1. Name the pairs: first residue in region 50-72 and surrounded by fewer than 16 Cβ atoms within 10 Å (Cβ to Cβ), second residue of a type in the set (Ser, Thr, Tyr) and modelled with pLDDT under 95, Cβ to Cβ under 7 Å, at least 6 apart or on different chains?
2. Quick check on my filter: what residues within region 190-205 are farther than 15 Å from LEU171 by Cβ and buried (at least 16 other Cβ atoms within 10 Å of the Cβ)?
3. So for region 26-39 (the condition being under 27 Å from VAL387 (Cβ atoms) and assigned to a helix (DSSP H, G or I)), does at least one residue qualify?
4. If only one of LEU117, LEU73, LEU96 is under 14 Å from GLY6 (Cα atoms) and over 24 Å from the mean Cα position of the chain (by Cα), which one is it?
5. So how many residues does region 78-100 have that are part of a loop (DSSP other than H, G, I, E, B) and either without any contact (Cβ under 8 Å) to a residue 60 or more places away in the chain or of a type in the set (S, T, N, Q) (or both)?
6. Restricting the search to region 230-274, which residues are over 18 Å from ILE188 (Cα atoms) and of a type in the set (S, T, N, Q)?
7. Which number in (1) in contact with a helix residue (DSSP H, G or I) (Cβ under 9 Å, 6 or more places away or on another chain); (2) crowded, with 16+ Cβ neighbours inside 10 Å; (3) closer than 25 Å to ASN155 by Cβ marks the one condition that LEU325 misses?
8. As an exercise: evaluate ASP272 against (1) touching a strand residue (DSSP E or B) at 6+ places or on another chain (Cβ under 7 Å); (2) touching a residue at least 24 places away in the same chain (Cβ under 8 Å); (3) surrounded by fewer than 23 Cβ atoms within 10 Å (Cβ to Cβ); (4) closer than 19 Å to PHE154 by Cα and give the number of the one condition it does not meet.
Amino acid sequence: MKILVGCSSPPDVGAGGILTYVKEIISELIDAGNEIHVAAPAPENWEWINEHSEGFIETSQYENPFTSVKSLLAYINKNNIDAIINNDNPHVQSVLPAVNCPSLVVGHLGESVIASLACYQNEWTDYIVAISNDMFSSYVKKYNVPVTKCPIVFNGVKDNGCDIHDKTNVLKVVFAGGYNRRKGCMHILSMVEKYASQFDNLELNWFGYVPDKLRKKLSKYNFIELHGRVPRDVFYQKLRSSDVLLFPSKSEGCPMAMLEAMSVGVVPIASDGKGAMQSLVLNGKEGYICHLDNWDSEAAQALKFLSKNRVVLESMMESVREKYLQQFQTKFVIKRLLELINNPTVLRNNIPDHIDVLSWHRPVPKGMKKSTLLNRLRYRLGILRKVGVLAINDMHE
């Protein structure tokens, strides 16, 4: 089967959850015998794309949306694409009413412009895949997606084996949220400031951007090492040799970092925020779920308990690895996505005579480190921008 996979990130940039998901499913789809084509912003390094796809079509915030959409539809028709799996790419979303093949849209958040885009014109999408129970409720209640078109398919990661952890007296802990408040950085900071005296045999590796002011504040704690932004493989190697992942996130989909931790036997101490966290681990068996309104205290209790009860920790490591093997491998995700593709819900014998063309939904102007205030507001409020209407006949010229 020829499958076009849409993504909003260049394949060589970033370690975010959406890009990680896209790379995971592409790899597994190829292993299952499918031919993969990719629609995304162009990478600078083409090595991964050349290895993992039969074709690539550029769609980005710097292209004219009309030109991009027309080129995309022409590409789909020329290459006889059999199915489309979109992941947060607005130009792919724009053409879905005009294609003659089944399409899935995978939602990666239950709010913001990412949710609005996933549910946009859902009458022309066979399924909008929710990756958490919270997301399912949001899509059905807020965005009016029919319950019959909104299956829940939890994320997965490919099995790369599990290292045997060295038995030491030091509890090795990872946090990958940088200074992102949605990822729970303030809970980590609060826990450190309140309970540092308990962490005499703990090593905390903090990944992601941390501003100088906070970096200076944290420098007095000798059990914390700040790594900053690093390539994904560097983080992954540190994760593989760790014992615990701290995950105090306020809002997620089905967090890839947490699944990656589970796949290598690292015990999550997560939150009860929005997202699939509580569906991934059973509290006390494969990890701990701490309440956001008291996360710092509850997480500190869990860390202290595990640091003094290595036998329990090792049992939880085995349990979380087994949970992953039984339920959260990418091959299970692909099996379900292909089942959905083979059972479409949209009748495509009467395609519309025109389509609405969407602008890129979360642009960052060239040369700027951050989006404008207006763009950030649009992102948070879930406001999509239509740049105009394009006739189907014009798209085939």
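1. Qualifying pairs under 7 Å: none.
2. Passing the criteria: only SER190.
3. No, the conditions are met nowhere in region 26-39.
4. That would be LEU73, the only listed residue that is under 14 Å from GLY6 (Cα atoms) and over 24 Å from the mean Cα position of the chain (by Cα).
5. Matching residues across region 78-100 total 4.
6. Within region 230-274, GLN237, SER241, SER263 qualify.
7. Among (1) in contact with a helix residue (DSSP H, G or I) (Cβ under 9 Å, 6 or more places away or on another chain); (2) crowded, with 16+ Cβ neighbours inside 10 Å; (3) closer than 25 Å to ASN155 by Cβ, LEU325 violates only (2).
8. (2)
The values are calculated or read from the model by the stated rules, or taken from the named source; none is laboratory data. Since we're looking at a predicted model, the values are computed, not measured. Counting neighbours? That spans all protein chains shown, and the Cβs are built from the backbone with ideal geometry, glycine included.
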